[in-house]
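**Q** Could you have a look at this structure, given as structure tokens, before my questions?
The values are calculated or read from the model by the stated rules, or taken from the named source; none is laboratory data. Just so it is clear, the model here is predicted, and its values are computed rather than measured. All Cβ positions, glycine included, derive from the backbone under ideal geometry; neighbour counts span all protein chains shown.
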Amino acid sequence: MKIAGVDVKDLKNEYGTPLYIYDVEHLKRNMEGYLNYFKSNEFETEVLYASKAFNVKEMVRLVKSEGMSLDCVSEGEIYTALAVGFDPAKIYFHGNNKSYAELEYAISNNIGTIVADNVMELEVIEEIAAKLNKHVNVMFRMNVGVDAHTHKFIVTAHVDSKFGVLYGSDDYKKILEIFKKSKNMTFLGFHSHIGSQIFDLNAFQAAAEKVIGYCKDFDYPLVINLGGGYAVHYTDADAPIPFDKVSKTLIDTVEKELKKQNVKIKKLAIEPGRSIVAEAGYTLYTVGFTKKTPNKEYYFIDGGMTDNIRPALYQAKYEADIVGKENDKKDHIVTVAGKCCESGDLIIEGCALPKAVPGDLLITYTTGAYGYSMGSNYNKALTPAVVFVENGKSKLAVRRMTFEELIEREV
Ligand SMILES: Cc1ncc(COP(=O)(O)O)c(C=O)c1O
């Protein structure tokens, strides 16, 4: 099996397993797809990469070279971006509980836009901006109350969400007052993110209609950011909408709705994360022991919930192959289980695979988003290496952790 012209067995020999593999051409195709299709003649457009999905220096360099903007949710993500010279003006800083130190870091580093999430945060931004004698562009995250029919853990816009503020609420009124009086903040516009792995574009249409309505409270054209959340293909049960259709539908919807509600906006932004990186990523493992129980057959791999927590966290589904046996009869229905001391450390249940023996390589697909970035060192597992592959060549993006590094911060 080859990815971007590179034999995965060679990758195993060079970098070991578990190993995250990213197909650079695929990443570029996704980024360029959004950049090319998400355009309007009626307002400016901007595509941000939601870096929480996968934020390492090499990825940020790619985002930079493709000309996208960046969504960061922590000082750590911003720090990584600035470390590779990412333009701070193109960074949006999100998060429901940014610390004073994080806001100070962002403001003193001239981060282009802070997306505030609650009333208290606005007060802190104003205070820090005044102290540092800076002027800050601020957007506000709204809870548009749209149910995106996705897994309940990744829906973010129900009424009691920890994210954003409800239109018309007391908090909303306070926000308007704060911006009216503010000397150090400019209110740019509204942000909404309704959830993740969403297949139904109607949910975004509903969100867009609402946010456009909110713009009427202001007498100048605002920026609207509709967030991310576009679904990807994990298994054949998923029928995601391609980026050209997502982009065109969102642009059309917003253009129509602006006319209908007689509103003008300055800019429309989106911030996909998963749909940029998920399908471009693979995880390579080595099969260890196998075992049969009365009702199950297990293939154990040398990684697990430490490199991919999503199945344990919200029953995410994946597909896999045994490398070199892709075309063999898949006559074993197995549970692919990790090596952690947790019964829930199962990467795939009910996976049809051919017979595997210790030493075989098992590859899982669509692991580019929220795998590395949600990884842990549970059971003192070493963080795997990350490799980028393109045109028959591989490039190390993250070196595998060493045992010295594992304990170096411990006193
Ligand atoms: C505010 C915000 N924007 C963008 C995203 C990216 O979502 P996705 O990776 O599903 O595109 C998220 C993810 O949770 C988010 O919270």
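**Q** Quick one: in the range 358-374, which of the residues that are within 16 Å of the ligand (Cβ to nearest atom) and surrounded by fewer than 21 Cβ atoms within 10 Å (Cβ to Cβ) is farthest from Val398 (Cα to Cα)? Steps first, answer last, please.
**A** Keep residues of the range 358-374 that are within 16 Å of the ligand (Cβ to nearest atom), which gives 366-374.
Subset that is surrounded by fewer than 21 Cβ atoms within 10 Å (Cβ to Cβ): 373-374.
Numbers: Ser373: 12, Met374: 15 Å.
Within the range 358-374, the match that is farthest from Val398 (Cα to Cα) is Met374.
**Q** Suppose we filter Lys248, Lys216 for residues that are surrounded by fewer than 24 Cβ atoms within 10 Å (Cβ to Cβ), over 17 Å from Lys39 (Cα atoms) and away from the ligand (no atom under 15 Å from the Cβ); which single one remains? Show your work before the answer.
**A** On the way: Lys248 fails: over 17 Å from Lys39 (Cα atoms).
The unique qualifying residue is Lys216.
**Q** Quick one: what pairs do we get from the range 183-200, first residue in the same structural domain as Lys264 (by TED's automatic domain parsing), second near the ligand (Cβ under 8 Å from one of its atoms) and β-branched (Val, Ile, Thr), C-beta under 8 Å, 6+ apart or different chains?
**A** The qualifying pairs are His191/Val115; His193/Thr156; Ile194/Thr156; Gly195/Ile154; Gly195/Thr156; Ser196/Ile154; Ser196/Thr156; Gln197/Ile154.
**Q** Here's a follow-up. Tell me which helices (runs of 4 or more DSSP H) are completely within the range 67-168 and hold 2 or more residues being surrounded by fewer than 22 Cβ atoms within 10 Å (Cβ to Cβ), more than 19 Å from the chain's Cα centre (by Cα) and at pLDDT 95 or above, or say none if there are none.
**A** Qualifying helices (runs of 4 or more DSSP H): 100-108, 119-132.
**Q** All but one of (1) assigned to a helix (DSSP H, G or I); (2) under 22 Å from Asn143 (Cα atoms) hold for Asp252; state the number of the condition that does not hold.
**A** (2)
**Q** Here is a follow-up. Taking the residues in the range 375-392 that are under 26 Å from the mean Cα position of the chain (by Cα) and loosely packed, with under 13 Cβ neighbours inside 10 Å as candidates, determine which candidate is nearest to Glu25 (Cα to Cα).
**A** The residue in question is Asn391.
**Q** Can you tell which of Phe140, Phe199, Phe187, Phe163 is within 15 Å of the ligand (Cβ to nearest atom) and under 24 Å from Asp87 (Cβ atoms)?
**A** Working: Phe199 fails: under 24 Å from Asp87 (Cβ atoms); Phe187 fails: within 15 Å of the ligand (Cβ to nearest atom); Phe163 fails: under 24 Å from Asp87 (Cβ atoms).
So the residue among Phe140, Phe199, Phe187, Phe163 that is within 15 Å of the ligand (Cβ to nearest atom) and under 24 Å from Asp87 (Cβ atoms) is Phe140.
**Q** Here is a further query. Within the group Val287, Val232, which residue is surrounded by 17 or more Cβ atoms within 10 Å (Cβ to Cβ), in a loop (DSSP other than H, G, I, E, B) and not basic (Lys, Arg)?
**A** One residue alone meets the criteria, Val232.
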